[in-house]
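K.L.:
For reference, the structure I am asking about is given below.
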Amino acid sequence: MCGIVGYIGLREAAPLLLQGLKRLEYRGYDSAGIAVLNGEMRVVKQKGNVAALGEAVAACNGSVSGATLGIGHTRWATHGDPSDRNAHPHVSGEGDIALIHNGIIENHAALRTELTKHGYRFASDTDSEVLVHLIDHLWKQIPFLDFEGAVRQALTIVDGAYGICVISSREPEKMIVARKGSPLVIGIGDGEYFVASDAAPLIEYTRRVVYLSDGEMAVLLRDGFSVKTIDNITQEKAVTELDFELGEIEKGGFEHFMLKEIYEQPMVMHDVMRGRVRLEEGLIQLGGIADRLEQLREAKRIVICACGTSWHAGLIGEYLIEEFARIPVEVDYASEFRYRSPIIGPGDVMIVISQSGETADTLAALRLAKERGALVVGICNVVGSTIARETDCGIYTHAGPEIGVASTKAFTAQVIVLAMLALALSKDKSMSEAELTVALQCLNDLPDKADRILESNEAIRDIAALYKDASNFLYLGRGYNFPVALEGALKLKEISYIHAEGYPAAEMKHGPIALIDEEMPVVVIAPKDNTYRKVLSNIEEVRSRKGRVIAIATEGDEEIAQLADHVLHVPHAAPFMMPLLTVIPLQLLAYHIATQRGCDVDRPRNLAKSVTVE
């Protein structure tokens, strides 16, 4: 969601803040702003992108120059429309406190009413502005209260989620940050400190970071920092070393991050399996769950909770775990889980999946499952994220930073992790040692097969040109490829703004078939597996209604070419591995349709990379 950056040190703050905001653009936003302390508070903010903000800062005739302390923000609208006045930072009435905020203050309306009675006037429609006025009010009204105390007192009053960064000209050598539900990272330099929503803006300045936990507040000075709880209890924080390179968050010659990340998938497959798929020994080694492996094998039920693309990966995980480990699996939308009085408790296992490790709904499901006594396993990409810290055990996906808002390589990595987990749980249940060795070889062969699919990029681009003006798409798949149909449809709607739906192919007859005519492209995932003949029948049903068929088929399949308008081939693979191959043409198809429609695929409208509010 919103992006937060902050700096306190000896360098000029404004250029660092602008560069940090550029690194956070992938999170999705509609306005941007900075505030710096240069004798007095200077604020520049406006609707639009970071480049436009940079021009506005340059036009300030040096009023922000020389400041060595400041905060910056990219806003993703929740309360109030995208506009200059709703952009962050928000300032107190006298302009001596500036605040940036990610999250939602749920009791903002009541607080706004109360503060209005005390003479406060609001310049925006946001919930965030309430907090800066509340800090100001408490600081003035409570004797002997300092800046830190005023922020702490305010945070005990507000309800909801927040990641905040606050500065004040009343105590100009200090920055205060706090989190509850929205991530914040502190970067440790030499006589300087950085703050950000995630590590992307920090890596070019430092590798040493501290991740704040929920309910913690940090006070940053130029010569040190301290962390306490909101209840004023001192916390000792471990320093983490960032494990990625600056080049991983740059485009590397590709036009868009999304295309770069699609092409990174063969390498990601290698990285996810490195040291874990032990082909010569005939085993899967997952160190993050090793101590819990027997408990997982004895689970009476597994519940997978996730959102969006991660939910689609979870559906594939359901197929994998039930086939190989013979454990019943349910897959829930994390956003719905805690609102339906779920039955979960001791003996159950919950697997939560999140690229960022900070997805608010997934964290809520995790916490409820732990409260009820279930074992909770995390699958996430970001080291040190909240999910990584709060789960009982887990598996990192090692996909590297994913900047494109529409997830691609993270999906691939999640599915491979779920496949490895299913195989690790299968011991003595459904597979002989020989069968496990064959499955491991299938995994080992995946990167080369993915590379071969990428060679079809130009052919996919040509097909995209034929359908870029379509108003609707239908995606069909069966078995392991039904979730891939859902994922392909999601990718298209996310970045091209074309309405698209994914269905189990057999369900087409129960409603969607009414939509099919000569204007409706239908993408059918039809590898040669045990449902192949059934899927061919579904294609015939589409053709008889003049639908246009784009088929994803196994190499060497000539029969399907007689039925489909276009065929994109993928190498042969075992059915349980096929989703990792069939998804790649769908990613490329969505990408090329979107770019040919002039869409910004790295920053699609209304979307955020990490959804840290409910």
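The values are calculated or read from the model by the stated rules, or taken from the named source; none is laboratory data. Just so we're clear, the structure is a prediction, and the values are computed from it rather than from any experiment. When we count neighbours, we look across all protein chains shown, and the Cβ atoms used for this are built from the backbone with ideal geometry, even at glycine. Ligands, DNA and RNA are stripped out before the accessible areas are found, and what is left, the full protein with its side chains, is counted by its heavy atoms. Shrake-Rupley method; radii C 1.70, N 1.55, O 1.52, S 1.80 Å.
K.L.:
Can you compute 3J(HN,Hα) from phi for each residue in segment 495-508, using the Karplus curve 6.51 cos²θ - 1.76 cosθ + 1.60 with θ = phi - 60°, rounded to whole Hz and x for Gly and Pro?
P.N.:
Here the 3J(HN,Hα) series is 10, 10, 6, 8, 5, 9, 10, x, 9, x, 4, 5, 7, 3 Hz.
K.L.:
Measuring from label point to label point, each 7 Å out along Cα→Cβ, what is the Lys534 to Glu114 span in nm?
P.N.:
Reported label-point gap for Lys534 and Glu114 is 5.9 nm.
K.L.:
Given Cα pairs under 8 Å that are at least 6 residues apart, what percent is the relative contact order of the chain?
P.N.:
It comes to 12 percent, rounded to a whole number.
K.L.:
Now a separate question. Heavy-atom accessible area of Glu322 with all protein chains present, probe 1.4 Å, nearest 10 Å²?
P.N.:
Spelled out: Glu322, probe radius 1.4 Å, area about 70 Å².
K.L.:
For the residue pair Thr156 and Ser456, what label-to-label distance in nm results when each label sits 7 Å from Cα along the Cα-to-beta-carbon direction?
P.N.:
It works out to 6.2 nm between the two label points.
K.L.:
Would you calculate, for the chain, the mean residue ellipticity at 222 nm contributed by helices, counting each DSSP H stretch of 4 or more residues as -39,500 (n - 2.57) and dividing by all residues, to the nearest 500?
P.N.:
-10500 deg cm²/dmol
K.L.:
Calculate, for Gln596 and Ser63, the FRET efficiency according to 1/(1 + (r/R0)^6) with r their C-beta to C-beta distance and R0 45 Å; round to the nearest 0.05. Spell out each step's value before the answer.
P.N.:
Details: r = 43 Å, r/R0 = 0.96.
Efficiency, from the Cβ-Cβ distance: 0.55.
K.L.:
Ranked from the most accessible area to the least, with a 1.4 Å probe and all protein chains present, what is the order of Tyr333, Tyr193, Tyr339?
P.N.:
Result of the area sort, largest leading: Tyr339, Tyr333, Tyr193.
K.L.:
Turning to a different aspect of this structure: Determine how large the accessible area of Phe482 is when every protein chain is in place; take a 1.4 Å probe and give Å² rounded to the nearest 10.
P.N.:
40
K.L.:
With 16 Å as the cut-off, how large is the P(r) tail for segment 356-409, expressed as percent of Cα-Cα pairs?
P.N.:
42
K.L.:
For segment 151-272: lysine pairs with Cα atoms under 17 Å, gap of 8 or more or different chains, count?
P.N.:
5
K.L.:
Would you mind counting up the charge near Phe225? Only other residues with Cβ under 13 Å from its Cβ, with Lys and Arg at +1 and Asp and Glu at -1. Mind showing how you got there, number by number?
P.N.:
Working: positive: Lys174, Arg208, Arg222, Lys228, Lys237; negative: Glu148, Glu173, Glu192, Glu216, Asp223, Glu236.
Residues close to Phe225 contribute a combined charge of -1.
K.L.:
Can you give me the accessible area per residue for segment 457-555, using a 1.4 Å probe, in Å²?
P.N.:
Value returned for segment 457-555: 41 Å² of accessible area per residue.
K.L.:
Further, regarding this structure: Over all directions, what mean area does the Cα convex hull of segment 163-265 project, stated in square nanometres?
P.N.:
Hull-based average projected area comes out at 8.3 nm².
K.L.:
Across 5 Å bins from the origin, how do the percents of Cα pairs in segment 411-472 run, short distances first?
P.N.:
4, 13, 17, 15, 12, 11, 9, 8, 7, 4, 0
K.L.:
While we're on this one: How compact and how long is segment 49-162, expressed as Rg and Dmax of its alpha-carbon atoms in Å?
P.N.:
Gyration radius and largest Cα-Cα distance of segment 49-162: 14.9, 43 Å.
K.L.:
Test of understanding: express the Cα radius of gyration of segment 390-515 as a ratio to 2.2 N^0.38 Å, with N the residue count.
P.N.:
1.31
K.L.:
Something else now. If Trp139, Trp76 are ordered by their accessible area, calculated over protein heavy atoms with a 1.4 Å probe, which sequence runs from highest to lowest?
P.N.:
Output order, biggest surface exposure first: Trp76, Trp139.
K.L.:
While we're here: Using label points projected 7 Å from each Cα along Cα→Cβ, tell me how many nm separate His270 and Asp125, to one decimal.
P.N.:
A separation of 5.1 nm, rounded to one decimal place.
K.L.:
Ranked by accessible surface with a 1.4 Å probe, highest first, in what order do Leu279, Leu220 come?
P.N.:
Leu279, Leu220
K.L.:
Among all the lysines, which ones have a C-alpha under 29 Å from Lys300's C-alpha, if same-chain residues fewer than 8 places away are not counted?
P.N.:
Within the straight-line cut-off, Lys300 pairs with Lys370, Lys427, Lys429.
K.L.:
Tell me which label goes with the value of Cα Rg over 2.2 N^0.38 Å computed from the coordinates here: [x] 0.97; [y] 1.01; [z] 0.88.
P.N.:
[y]
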